[in-house]
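Participant: Please see the structure below; I have some questions.
The values are calculated or read from the model by the stated rules, or taken from the named source; none is laboratory data. Note that the coordinates shown come from a computational prediction; the quantities given were computed from them, not determined experimentally. Heads up, the Cβs are rebuilt from the backbone with ideal geometry, glycines too, and the neighbour counts pull from every protein chain shown.
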Amino acid sequence: MRSVCNLVVEVVNSRRSHSSAAAHRLGAVMCKELKTKVLSLLPPTSNGPSAHTESRTDGAEILSCTAKALKEGHVVAVPTDTIYGLACLAQNSEAIRKTYDIKGRNGHKPLAICVGEIEDIYKYCKVTVETALLGDLLPGPVTLVFERSEVLNPDLNPFTSLVGVRIPNHSFMRRLCQMCGEPLALTSANISSHTSTLAVHEFQDLWPKLAVVVDGGPIGDQSRLGSTVVDLSVLGKYRIIRPGCALSSTVEVLEHKYGLSEDPGEA
């Protein structure tokens, strides 16, 4: 098997157009001192079958490596359709604690879960809306909040009966959830209260605490707002918890297509 040092060197060489000089220098240090694997997803290409095959093979190796790290109880950094995130297995209580420690996150701020398919939502949430509504919003930059099911790890957000669930519009993330066979706990890849990140070098201070950093290149949405978070736990109602980057399109679906009414509720 290739050494971590070789993997990092390959990453830096393969992403000259996306990696900063700072990230390059840190990669060199990591070869000598750290066990973190920094793995680069090849950018999508339409330059012929050979390039497409190479991308698919590389992606499979990175998926396997990342899934292995998650199943061993580690925390990893991953690209999503909105911002970079930190992920661990939601059913692993120790990994959840690690995630809070890495971010310096308030223990009473919840983590969302991420799944690969709409049917997975029904395993971990008590869904109060039509399946068609889920399909209109997911996959996409939206987090839907429902009452949690008894199957979900009680150590995940033990202070609330609700849980937010995401299916990012990002093929790597969806396949990663499918490979793990259980939900990922997902939060932004940054120190708590700091700016959300759109490229891996922006959270390089966290690299030493992570088992794997998956470099998917710069994320196109420059808003850094993250997903729109909407509470659907009350039948026939919706409540916006965080406006995020898809507020208007989400409200359009909820109100005009499915007739839900806004419940201001209490934050």
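Participant: So which of Arg148, Arg97 is surrounded by fewer than 23 Cβ atoms within 10 Å (Cβ to Cβ), modelled with pLDDT of 95 or more, of a type in the set (Lys, Arg) and in contact with a Leu (Cβ under 7 Å, 6 or more places away or on another chain)?
Facilitator: None of the others qualify; the one that does is Arg148.
Participant: For segment 167-180, does any single residue satisfy the condition of being out of contact with any Pro (no Cβ under 9 Å at 6 or more places or on another chain), surrounded by 21 or more Cβ atoms within 10 Å (Cβ to Cβ) and either of a type in the set (A, V, I, L, M) or within 13 Å of Gly85 (Cα to Cα) (or both)?
Facilitator: Checked segment 167-180: at least one residue is out of contact with any Pro (no Cβ under 9 Å at 6 or more places or on another chain), surrounded by 21 or more Cβ atoms within 10 Å (Cβ to Cβ) and either of a type in the set (A, V, I, L, M) or within 13 Å of Gly85 (Cα to Cα) (or both).
Participant: Of these, Val163, Val115, Val145, Val127, which one is in contact with a strand residue (DSSP E or B) (Cβ under 8 Å, 6 or more places away or on another chain) and under 26 Å from Glu202 (Cα atoms)?
Facilitator: The unique qualifying residue is Val115.
Participant: Report, by residue number, each residue of segment 106-119 that is more than 22 Å from Ala69 (Cα to Cα) and either at pLDDT 95 or above or not in a loop (DSSP other than H, G, I, E, B) (or both).
Facilitator: Pro110, Ile118, Glu119
Participant: Being buried (at least 23 other Cβ atoms within 10 Å of the Cβ) and not in a loop (DSSP other than H, G, I, E, B) is the filter here; which residues of segment 66-88 pass it?
Facilitator: The answer is Thr66, Leu70, Val76, Ala77, Val78, Pro79, Tyr84, Gly85, Leu86, Ala87, Cys88.
Participant: When only residues in segment 61-94 that are under 23 Å from Leu39 (Cβ atoms), of a type in the set (Asp, Glu) and over 14 Å from the mean Cα position of the chain (by Cα) count, which is modelled with the highest pLDDT? If you could, list the steps in order and put the result at the bottom.
Facilitator: Filtering segment 61-94 for residues under 23 Å from Leu39 (Cβ atoms) gives 61-90, 92.
Now restrict to residues that are of a type in the set (Asp, Glu): 61, 72, 81.
Those still in the list that are over 14 Å from the mean Cα position of the chain (by Cα) too: 61, 72.
Numbers: Glu61: 92, Glu72: 97.
So, considering only residues that are under 23 Å from Leu39 (Cβ atoms), of a type in the set (Asp, Glu) and over 14 Å from the mean Cα position of the chain (by Cα), the one modelled with the highest pLDDT is Glu72.
Participant: Would you pick out the residues in segment 220-233 that are assigned to a loop (DSSP other than H, G, I, E, B), on the phi < 0 side of the Ramachandran plot and either buried (at least 19 other Cβ atoms within 10 Å of the Cβ) or free of Cβ contacts under 8 Å to residues at least 12 places away in the same chain (or both)?
Facilitator: Gly220, Ser227, Leu232, Ser233
Participant: Among the residues of segment 195-214, how many are within 13 Å of Thr36 (Cα to Cα) and either part of a loop (DSSP other than H, G, I, E, B) or modelled with pLDDT under 95 (or both)?
Facilitator: Qualifying residue count, segment 195-214: 2.
Participant: Contact list please: Cβ distance under 9 Å, first residue in segment 165-194 and in contact (Cβ under 8 Å) with a residue 12 or more places away in the chain and over 18 Å from Ala211 (Cα atoms), second residue among the basic types (Lys, Arg) and part of a loop (DSSP other than H, G, I, E, B), pairs at least six apart or on different chains.
Facilitator: Pairs that qualify, where the first residue is in contact (Cβ under 8 Å) with a residue 12 or more places away in the chain and over 18 Å from Ala211 (Cα atoms) and the partner is among the basic types (Lys, Arg) and part of a loop (DSSP other than H, G, I, E, B), are Ser192/Arg105; Ser192/Lys109.
Participant: Which residue is surrounded by the most Cβ atoms within 10 Å (Cβ to Cβ), if the candidates are limited to segment 234-267 and must be assigned to a strand (DSSP E or B) and among the hydrophobic types (A, V, I, L, M, F, W, C)?
Facilitator: Ile240
Participant: Has segment 131-150 got any residue that is out of contact with any His (no Cβ under 8 Å at 6 or more places or on another chain), farther than 21 Å from Ala246 by Cα and of a type outside the set (D, E, K, R)?
Facilitator: yes
Participant: Which of the residues spanning segment 118-168 are among the hydroxyl-bearing types (Ser, Thr, Tyr) and in contact with a Cys (Cβ under 8 Å, 6 or more places away or on another chain)?
Facilitator: Ser149
Participant: Given the conditions (1) surrounded by 15 or more Cβ atoms within 10 Å (Cβ to Cβ); (2) at pLDDT below 95; (3) basic (Lys, Arg), and given that Lys103 satisfies all but one, which numbered condition is not satisfied?
Facilitator: (2)
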